[in-house]
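As structure tokens, the structure follows; a few thoughts come after it.
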Amino acid sequence: IDAAYEPIGKKIYLVVADINGLILIKMDSSFNISLAKKFTISSVSQVFIDVSGDSVVVGYGTPTSIGVIGVLVLDATNLNISGYFRITTLNLLSGVRFHNGKIYLYGASAKPKIAILNPADTSANSVEYNGVLAGNVRFLDPENNVAIFRGNFKATFMKSNSTFSG
């Protein structure tokens, strides 16, 4: 389960995942449900959501034995799919952020990693933190160029790293 809030339209988006897929719920600030949709996707083990303007982004992962990370880009009005990405650069997904038209997936492969997707031209690149031991990115703030990742039983705060500019 994950949730996102869109402050301009005062909408709350809730996503719930199970082995049969995703359920996406749109509510107003009084928790009145205005729309709910189910997306059938096999073996979802983790799910994260973010919203910005007229788009909702849902990132989901499957068990590592299957190893698929998917991203749905949805229209915030009717929750119809407007874009889809499937990537294999991350084994473990820790979250998703949508900022300035780019989608930031963060988590880990063998090391902390951020995958940056650009829906406008369907490009993708990723940043792997080679200087740290195995671990994963636990928090990402693309607006302020901040990443916090955990590795070797400690947390590391990274700001203004030129390789994490998107």
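Tabulated values for the structure
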item: Pairwise FRET efficiency - Thr40 versus Asn144, Cβ, R0 = 35 Å, nearest 0.05; result: 0.40
item: Karplus (6.51, -1.76, 1.60) ³J(HN,Hα), θ = phi - 60°, over the stretch 47-60, in Hz, Gly and Pro reported as x; result: 8, 9, 9, 8, 9, 8, x, 9, 10, 10, 10, 10, x, 9
item: Residue-normalised accessible area of the stretch 1-118, given per residue in Å² at a 1.4 Å probe; result: 45 Å²
item: Rounded percent of accessible protein surface that carbon and sulfur make up, the stretch 1-46, 1.4 Å probe; result: 58 percent
item: Peptides ranked, highest mean first, by Cβ atoms within 10 Å: ranges 136-143, 5-12, 108-115; result: 108-115, 136-143, 5-12
item: Ranked packing of 92-103, 29-40, 71-82, most packed first, by mean Cβ within 10 Å; result: 92-103, 71-82, 29-40
item: Pairs from Lys11/Lys113; Lys11/Lys38; Lys10/Lys113; Lys38/Lys102; Lys11/Lys102; Lys10/Lys37 whose Cα-Cα separation, in the structure shown, is over 28 Å; result: Lys11/Lys113; Lys10/Lys113
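The values are calculated or read from the model by the stated rules, or taken from the named source; none is laboratory data. From a predicted model like this one, the values you see are computed outputs, not experimental measurements. Backbone-built Cβ (ideal geometry, glycine too); neighbour counts: all protein chains shown. The area values use the complete protein model at the heavy-atom level, side chains included, leaving out ligands, DNA and RNA. Shrake-Rupley method; radii C 1.70, N 1.55, O 1.52, S 1.80 Å.
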